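The values are calculated or read from the model by the stated rules, or taken from the named source; none is laboratory data. This one's a predicted model, so the numbers in the text were calculated from it and none came from an experiment. Note that we place each Cβ from the backbone using ideal geometry, even for glycine, and neighbour counts take in every protein chain shown. Areas reflect the complete protein model, heavy atoms only, side chains present, ligands, DNA and RNA absent. Shrake-Rupley method; radii C 1.70, N 1.55, O 1.52, S 1.80 Å.
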Amino acid sequence: MEVSCSGDLGSQVAVLTFLAVDNTGGLINIVNDSTGAVSAGPFFQNSDFPPSKQISFHSVSKVASVSVMLSIAPKIYATTPDQDFTMTIKIYFDDTLKDNQTFYYDQLSGGNFTTPKDFDYKVTVH
């Protein structure tokens, strides 16, 4: 899995977690390729991104499906187009790209804030 972002990391807060399971439904440990941290449910936010604005992960064993939960909320009330925060998630199974999605929060003008925008989805090997 590769996660990358663009825009101003400080303009919005994005919280991402995901779970990988095997064919029996058991959780699989995931390794953060940047830090080496191992977890069955990695959790991080956009402030955790390195200067390259990209993080990759790999599983310690064969994955059948991945469930992704992402929440994005505005931190400041107005951004310019080059500041608008987006997050792209690419999921690979056996080195083949199976899913590629880009997420963003529609920035509100006039100082209006709403609840975080939540994205939940599951990618399964076919």
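Restricting the search to the stretch 93-114, which residues are closer than 23 Å to Leu19 by Cβ and either over 14 Å from the mean Cα position of the chain (by Cα) or modelled with pLDDT under 65 (or both)? Selection gives Phe93, Asp94, Asp95, Thr96, Leu97, Lys98. Criterion applied to Ser47, Ser4, Ser59, Ser65 was being among the small types (Gly, Ala, Ser), in contact (Cβ under 8 Å) with a residue 40 or more places away in the chain and open to solvent by 30 Å² or more (accessible area, probe 1.4 Å), and the one residue passing it is Ser4.
Look through the stretch 11-37, keep the residues that are more than 14 Å from the chain's Cα centre (by Cα) and among the small types (Gly, Ala, Ser), and return whichever of them is least open to solvent (accessible area, probe 1.4 Å). Give the derivation first.
First, the residues of the stretch 11-37 that are more than 14 Å from the chain's Cα centre (by Cα): 11, 21-29, 31, 33-37.
In the following step, the residues that additionally are among the small types (Gly, Ala, Ser) were identified as 11, 25-26, 34, 36-37.
Details: Ser11: 0, Gly25: 51, Gly26: 25, Ser34: 76, Gly36: 45, Ala37: 58 Å².
Ranking the candidates gives Ser11 first.
All conditions in (1) assigned to a loop (DSSP other than H, G, I, E, B); (2) modelled with pLDDT under 90; (3) within 19 Å of Glu2 (Cβ to Cβ) hold for Val123, with the sole exception of (1). Would you say Gln101 is in contact with a Lys or Arg (Cβ under 9 Å, 6 or more places away or on another chain) and open to solvent by 30 Å² or more (accessible area, probe 1.4 Å)? So Gln101 fits the description; yes. Entry remark, the stretch 38-62: residues being closer than 19 Å to Ala20 by Cβ and of a type in the set (Ser, Thr, Tyr) number 4 in total.
In the set (1) at pLDDT 80 or above; (2) open to solvent by 60 Å² or more (accessible area, probe 1.4 Å), the condition left unmet by Tyr77 is number (1).
Against the definition (closer than 25 Å to Thr124 by Cβ, open to solvent by less than 60 Å² (accessible area, probe 1.4 Å) and in contact (Cβ under 8 Å) with a residue 40 or more places away in the chain), how does Ile91 come out, yes or no? Walk me through it before giving the result.
Values: closer than 25 Å to Thr124 by Cβ: yes; open to solvent by less than 60 Å² (accessible area, probe 1.4 Å): yes; in contact (Cβ under 8 Å) with a residue 40 or more places away in the chain: yes.
Yes.
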